[in-house]
Amino acid sequence: MHPPSRHLGLGLSEPSGLATAAGLAVAGAVSLMVFAWPVSRSGDGFESDVLTHFLLLHQTLHGTWWSYTALYYPLRLVTVGTSEPQLIIQAGFMVLGAIAAAKGVLTAALLQSEGYRPAGGAATSVMLGTVLALPLPMWADHFYLGTFPPNSLGSATQPLANAMAIPAVWALCAWFDRPDRRRLLLVAGAGLLSALAKPALTPAWVAGTAVLLTWMAWRGSLRSRQAVGSWLVIATLPVATLLMNLQTSYGGGAQREVRLRPISELSPTLPVDLLRSWVFPIAVALALALEARRPALAGPARVGGSVRWSLRTVGPAWLLLAVAWAQTQLFWDTDRNGVPIGYGDMNWGAMAATSGLYAVSAMALLCVSPRRRIVPFAILAVQTLAALVHLHNWVRTGSYF
């Protein structure tokens, strides 16, 4: 019987209401400013897909009430059906700004619910919403290429997917911590919202939760019937959204398909690129492992148990990431002739999963001693600084790559 974890759970901690509100407000405002820095410059001569996504509003919703991304619903509401491109673009910037601010507030609220003080929660939320890959100047000409960062600033649809992946992964980890009915319903709701936001994480969510529940049934955490019922609760509605997307985006004469990658294309991403993508959560996992190995006399026994439990509860986040990454290696999005579309739409799931992993890793880090938090937070700070340098170069040159 594992002791209940103090982290990755539910319920807000005790800071005063004013301090909590201030922390959330700062997180939202700074997140908006960072996001608006490059996005507001989108236009001729500036490399970005933002305007393209805005102007697909009417094409996406033409003759249907369904959209593959929830971005288009508030955009349609704000534009009141206008077809004027400039008005759609102006409304799109406002909607994206609201999403960026909401993501900062939501992340900070979840961090505070797991024990962060308001100032620390706000600062960590901003860093989590800014970081890209760890830069290795001697390894590659551009530190972003080949990686799966937790943020995307060149797309209008992926920020919403990343934002909703955070509560989905957090809720799954919280339910894995203590699989009761209330948390199961939270997981189901968060998974559905993630699927509606954009089905980037959804294939990995459906497959990953099936693997997780199979393992829980095998370990005896759930009876087999409970595991099957839980998966149906968690996955049924996200599967329905996938079917709707297949019908509207890939069926009915659409010129797109999802295909297996040819064997010749299965060259794996270099391990160093994966390390650069996930160095912060790896550092957190190592810190938790080292803390769990401390002798009992080095601290209260319950601390060691809490650390071991936190190592276990971040497992679902790593599992979703592994499944999402495998998806990028096995499938690609092509036209009817098998020619890949864009830079690889199947990569978005790994990016969404990475966003959730970074957030729950930051929460779990509170389980270790302050001394062992230094290196992971230093890595996160370096990644944040590198991202800001990248944004500066992007704004100055207009080139994302």
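Conditions: (1) open to solvent by 40 Å² or more (accessible area, probe 1.4 Å); (2) more than 26 Å from Phe401 (Cα to Cα); (3) touching a helix residue (DSSP H, G or I) at 6+ places or on another chain (Cβ under 7 Å). Asp180 meets all but one. Number of the miss?
Condition not satisfied by Asp180: (3).
Any idea which of (1) over 12 Å from the mean Cα position of the chain (by Cα); (2) more than 30 Å from Ile88 (Cα to Cα) is the one Val169 doesn't satisfy?
Unmet for Val169, out of (1) over 12 Å from the mean Cα position of the chain (by Cα); (2) more than 30 Å from Ile88 (Cα to Cα): (1).
Report yes if some residue within the stretch 313-321 is among the polar types (S, T, N, Q), part of a helix (DSSP H, G or I), modelled with pLDDT of 75 or more and more than 24 Å from Leu145 (Cβ to Cβ); otherwise report no.
Our first condition is that a residue be among the polar types (S, T, N, Q); within the stretch 313-321, this holds for 313.
Adding the requirement that they be part of a helix (DSSP H, G or I) leaves 313.
Filter once more, keeping what is modelled with pLDDT of 75 or more: 313.
From what's left, more than 24 Å from Leu145 (Cβ to Cβ): 313.
The answer is yes, given that some residue of the stretch 313-321 is among the polar types (S, T, N, Q), part of a helix (DSSP H, G or I), modelled with pLDDT of 75 or more and more than 24 Å from Leu145 (Cβ to Cβ).
Quick one: Arg336 ticks every box in (1) of a type in the set (D, E, K, R); (2) modelled with pLDDT of 85 or more; (3) outside any helix (DSSP H, G or I) except a single one, so which number is it?
(2)
Which condition number does Leu330 fail, the rest of (1) closer than 30 Å to Glu114 by Cα; (2) open to solvent by 30 Å² or more (accessible area, probe 1.4 Å); (3) modelled with pLDDT of 75 or more being met?
Going through (1) closer than 30 Å to Glu114 by Cα; (2) open to solvent by 30 Å² or more (accessible area, probe 1.4 Å); (3) modelled with pLDDT of 75 or more one by one, Leu330 breaks only (1).
Would you mind telling me which numbered condition in (1) among the basic types (Lys, Arg); (2) touching a Ser or Thr at 6+ places or on another chain (Cβ under 7 Å); (3) open to solvent by 30 Å² or more (accessible area, probe 1.4 Å) Arg225 fails?
(2)
In this structure, does Gly23 turn out to be more than 25 Å from Lys198 (Cα to Cα) and surrounded by 20 or more Cβ atoms within 10 Å (Cβ to Cβ)? Give the steps one after another, and end with the answer.
Numbers: more than 25 Å from Lys198 (Cα to Cα): yes; surrounded by 20 or more Cβ atoms within 10 Å (Cβ to Cβ): yes.
So Gly23 passes the test.
Does Val206 count as at pLDDT 95 or above, part of a helix (DSSP H, G or I) and surrounded by fewer than 19 Cβ atoms within 10 Å (Cβ to Cβ)? Break it down stepwise before answering.
Working: at pLDDT 95 or above: yes; part of a helix (DSSP H, G or I): yes; surrounded by fewer than 19 Cβ atoms within 10 Å (Cβ to Cβ): no.
In short, no.
How about the stretch 347-384: which of its residues are under 19 Å from Ala156 (Cα atoms) and open to solvent by 30 Å² or more (accessible area, probe 1.4 Å)?
Looking only at the stretch 347-384, we keep the residues that are under 19 Å from Ala156 (Cα atoms), and these are 347-356.
Selection gives Asn347, Trp348.
Which pairs turn up if I take residues in the stretch 374-401 that are free of Cβ contacts under 8 Å to residues at least 12 places away in the same chain and of a type outside the set (Lys, Arg) and look for partners that are in a helix (DSSP H, G or I) and open to solvent by 50 Å² or more (accessible area, probe 1.4 Å) with beta carbon separation below 8 Å, at least 6 apart in sequence or on another chain?
That search, which allows pairs on different chains as well, returns nothing.
Return the pair list, or none, for Cβ contacts closer than 7 Å from residues in the stretch 196-217 that are touching a residue at least 24 places away in the same chain (Cβ under 8 Å) to residues that are part of a loop (DSSP other than H, G, I, E, B) and open to solvent by 10 Å² or more (accessible area, probe 1.4 Å), at least 6 apart or on different chains.
Listed pairs, sorted by first residue: Leu196/Ala70; Ala197/Ala70; Lys198/Tyr68; Pro199/Tyr68; Met216/Leu222.
Collect the residues in the stretch 36-51 that are open to solvent by 30 Å² or more (accessible area, probe 1.4 Å) and either without any contact (Cβ under 8 Å) to a residue 12 or more places away in the chain or more than 27 Å from the chain's Cα centre (by Cα) (or both), keeping them in residue-number order.
Asp44, Gly45
For Leu145, all conditions in the list (1) open to solvent by 20 Å² or more (accessible area, probe 1.4 Å); (2) outside any helix (DSSP H, G or I); (3) closer than 24 Å to Leu71 by Cα; (4) among the hydrophobic types (A, V, I, L, M, F, W, C) hold save one; what is the number of the exception?
(3)
Could you check how many residues of the stretch 28-51 are out of contact with any helix residue (DSSP H, G or I) (no Cβ under 7 Å at 6 or more places or on another chain), farther than 17 Å from Ala98 by Cβ and modelled with pLDDT of 90 or more?
0
For the stretch 52-137, please list each of the helices (runs of 4 or more DSSP H) lying entirely inside it that holds at least 1 residues being under 16 Å from the mean Cα position of the chain (by Cα), crowded, with 22+ Cβ neighbours inside 10 Å and touching a residue at least 24 places away in the same chain (Cβ under 8 Å).
Numbers: elements: 57-61, 72-79, 85-113, 118-128.
The qualifying helices (runs of 4 or more DSSP H) are 85-113, 118-128.
The values are calculated or read from the model by the stated rules, or taken from the named source; none is laboratory data. In this text, all values refer to a predicted model and were calculated from it rather than measured experimentally. Neighbour counts are summed over all protein chains in view; Cβ atoms, including those assigned to glycine, are modelled from backbone coordinates with ideal geometry. Quick note on the areas: whole protein, heavy atoms, side chains included, nothing else; ligands and nucleic acids left out. Shrake-Rupley method; radii C 1.70, N 1.55, O 1.52, S 1.80 Å.
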